[in-house]
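Read the structure below first, then the notes.
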Amino acid sequence: MTWRSTTFRFAALVFLCQIVAAAVLLAAVGAVLRGRSDQAAAATAETIRANLLASYARGGAPALAREIEARQTAGVTRNGVMLLVDGAGRALAGNLGGWPPSVPATSGYIEVQLYRIGHAAPETMLVRTTRLAGGEGLLTGIGVESERQLLDLLGETSALALALALIMAALAAWLAARLIVARLDGTIATLQAVRAGDLTRRVPDDRSGDAFGMLGDEVNHTLDRVTALIAELKIATDGLAHDLKSPLTRLRLALEQVMREVREPGAQEAAARALAEGERLLALVETALSISRAEGGIGRESFAETDLVELLATIAELYAPLVEDQGRAIVVAAPAHACWKVHRQLLAQAVGNLIDNAVHYGAGTITLRLTADREAVRIAVRDAGPGIAPALRGEALRRFGRLDVARGGSGAGLGLSLVQAVAHLHGGTIALDDAAPGLIVTIELR
């Protein structure tokens, strides 16, 4: 699953949405708790301030000072802060040593760090200051240190929760991606099996009715149609082969009879040429039909376990006289034993076509090399001739494609096309490479 894949992007989107949702939720909870804490502290501080202002209204600064002292003595506002100063800024009553320099004479509620009398460490206080009618200054507030510590703890807990949410979001995204892949695995496996030649495979019907189920149904309908078309192609090609081969065979028999009965040399020579052309046309039809059948997947039912070493040895022995007539040699380089499930007749025809090309257009020794592993077998045919230029190899593989070097010959341009079709029938490939000198053609079967 690469970063460019749709599945990866979907998983990343799920992960991102869950993380954003978790972060927004934790931030909202923190903001609400902080707001409620500030509101509660401000309400408590406002109650203290209102009571003190009521005392000032009844008896002025002396009454307010007595009220502050009484509250301190009784511990009514144990967590509070109170300070009354005169117009010159001298402390008259309260639990602060003096007016804090950072606090203005008149302000709304602000949060500051203050040292209360009897406390060695500064404390976070929510305070408000008021300028009284007599010129005195009043500072009132409430400690919010414990609330701030609780909020800090909440922040640490939220960070831990977010880290846990990262893990859970990653797990959820992975599970979502795996669910998608799992739903597609059946379809992919079916298509791979069909590509390998099993036209009977279909996507399992889970009866879910969702998009994946609809996709599976459409794939199955398409495969049904393809199977029907291939069956029709087989019937058509079989009929075409019969319809074409029968008159060509009769023509050959008639020409052979002419050659036997007619004694005139010119007529015999003409009949021989016509017979050769008829046989060439018959071979051309058979090759074209073989290519069409192989490209249509027809013939996989004839696959059988075959000893490829023995097959190559048989082919080499068959072509040895033709090669030796040119003063050349044909050799087989193969392991002691290598079996693979193949269409023996078509594979032999494909290798034979490669040897024919090496005989007619190549030079030097022709080498048939077989290598195999657990995943594939490779059959390579090599010669030491002029080879094929890289720019012309695509044309060489094209049906009826003929290179300049071969235009004067009798070939029809179907030899390599048949080899390619046979390789594809076996789920493999064909590759043309330089042999330095010469050409090496490799058939890979899977």
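Every number here is computed from the coordinates shown, using simple stated rules; none is lab data. As the structure is a computational prediction, the values presented were derived from the model and not from experiment. Note that we place each Cβ from the backbone using ideal geometry, even for glycine, and neighbour counts take in every protein chain shown.
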Can you tell me what share of the DSSP beta bridges in the chain is antiparallel? A percent to the nearest 5 is fine. 90
What FRET efficiency comes out for THR157 versus ALA121 if R0 is 22 angstrom and r is the Cβ-Cβ distance? Round to the nearest 0.05. 0.35
Can you give the FRET efficiency for ALA176 and ALA57, using 1/(1 + (r/R0)^6), R0 = 60 Å, r = Cβ-Cβ distance, to the nearest 0.05? 0.35
Roughly how many nanometres apart are two label points built 7 Å out from the Cα toward the Cβ at ASP86 and THR249? 13.7
Principal axis dimensions, the range 6-149 - Cα atoms, whole angstrom, descending: 78, 31, 28
Neighbour cut-off at most 11 other Cβ (10 Å), DSSP loop, trypsin sites (Lys or Arg not before Pro), the range 38-118: ARG78, ARG90
Of GLU67, GLU305, GLU218, the one that fluctuates the most in a GNM where the chain has Cα springs shorter than 10 Å: GLU67
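If the chain between ASP210 and GLU264 were fully stretched, how many nm would it gain, using 0.36 nm times the residue separation less the Cα-Cα distance?
Full extension from ASP210 to GLU264 adds 11.4 nm.
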The chain: angle of helix 6-74 to the longest principal axis, Cα-based, in degrees nearest 10: 0
Which of GLU279, GLU264, GLU232 moves most in a GNM of the chain, Cα contacts under 10 Å? GLU264
GNM result for the chain, Cα springs below 10 Å: residue of ASN220, ASN353, ASN95 fluctuating most strongly: ASN95
Helix-only [θ]222 nm of the chain, DSSP H runs n ≥ 4, -39500 (n - 2.57) each, per residue, nearest 500: -20500 deg cm²/dmol
Taking the chain and dividing mean pair separation by its residue count, relative contact order in percent (alpha carbons under 8 Å, at least six apart): 10
Distance cut-off 23 Å, percentage of C-alpha pairs in the range 301-445 lying past it: 30
Rounding to the nearest 10 and keeping the result within 0 to 90°, find how far the Cα-based axis of helix 265-295 lies from the longest principal axis of the chain. 20
According to a simple spin-label model (label point 7 Å from Cα along Cα-to-Cβ), what is the distance in nm between ASP373 and GLU145? 7.3
Given +1 on the Cβ of Lys and Arg, -1 on the Cβ of Asp and Glu, and no further charges, what dipole in debye does the chain carry about its Cα centre, rounded to the nearest 20? 1320
